[in-house]
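Here is the structure we will look at.
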Amino acid sequence: MSPEAVQALARGLFPAGVAVAAADPRAPASGLFGEEAAAVARAVEPRRREFAAGRRAARAALASLGIAPAAIPMGADRAPVWPAGAVGSISHTAPRPGATGPAACAAAAARADAFGALGLDVEGAAPLAPALRAQILVPAEAEALEARPEAERGRLAKLIFCAKECAYKAQYPLTGALFGFEGMRIDWSFAPDGRMGRFAAVFLRPAGAFAPGDRLEGRFAFAGGLVAAGIALRQAPVSRR
C-alpha cells in the first residue's frame, strides 16, 4: 500500500484540525535529527527505517499545521516527545521476517490548544490467530466474537487489538498509566459498507483521571490489507479526585 493510500486511510479516522501524513517504512533511514538518530543508533536496520519513517511522517503532519520542523525524541518511557504546543501519535507496521504483508507508517498531529491527545494505530489486517486471542480479549469481547461466524472472528479480534493499541496511545500522554489488554473493553459497530465503523474503548480499571466505565470514542477502517484506528480527544479529562 503506497504512503498516499495509507495517508488517505488514516485521514478518514480523524476530524478537521487533525493533520495526517504517511511515509514508507522500507525507505532508507534518513531525515533524522541528531538526538533521534542517537536513540536508534544500535537498533537493527528495519527498526531504524521504521523509526525514521515515523519521524518524517510526524514532521510532515506538523508542517501542515504550520509548525516548524523540530526533533521528536524518545522519552525515557520510549514514547515520542512532541514539540511544545502539539500533540500526536505515530504508528508503523511491517510483516515479520519471512512473512508477506503490507508495510505502512503514519502519524497524526494537532495543536494542543484544540485537542488533548491523539491515538493512531495501523496494523496488518491478517486475522489474529486463536492462540493470541486469549491474550487480547476480555471475557465480554470473547463472548461477542463467539456470537459471530467463525470466519469473521480472527478479523474482528485484529480490529479489537488495533483499537486497544490506539486507545492506549491516546490515554498514555494524559495519564502515564501502564496496563495490558485487560484494562479496556472494545465495543464496535460497522458502517453498512463493512469496511469502516466506530468503536468505544471502555476503561475497566482506573487510569489517571479516567474511571472504570469512561469511554474513548474512535473510528476504524479496513483497506489494502491494513486495519487502522484513530481517536481524537478534544480535551484532557478532569480528575475526579
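Only the coordinates and a few stated rules stand behind these numbers; no lab work does. The structure presented is a predicted model; accordingly, all values stated were derived computationally and were not measured. Cβ coordinates were reconstructed from backbone atoms using ideal geometry, including for glycine residues, and neighbour counts include every protein chain displayed.
A few points about this structure:
- Note: relative contact order over the range 3-233, using C-alpha pairs below 8 Å and six or more positions apart, is 20 percent.
- The chain: radius of gyration and largest Cα-Cα distance (Dmax), Å: 17.3, 52
- Share of pairwise Cα separations in the range 80-132, more than 16 Å, in percent: 55
- What the Cβ-Cβ distance of ALA41 and LEU132 gives, at R0 = 35 Å and to the nearest 0.05, is a FRET efficiency of 0.65.
- Rg to Rh quotient for the range 1-79, alpha carbon positions, Kirkwood Rh: 0.98
- Diffusion coefficient, µm² s⁻¹, Stokes-Einstein with Kirkwood Rh over alpha-carbon pairs of the range 44-104 at 4 °C and 1.567 mPa s: 101
- Long-range amide H partners of ALA43 with built H, under 5 Å: none
- For the range 88-177, the set of chymotrypsin sites (Phe, Trp or Tyr not before Pro) satisfying both a DSSP loop assignment and a count of at most 14 other C-beta atoms within 10 Å is empty.
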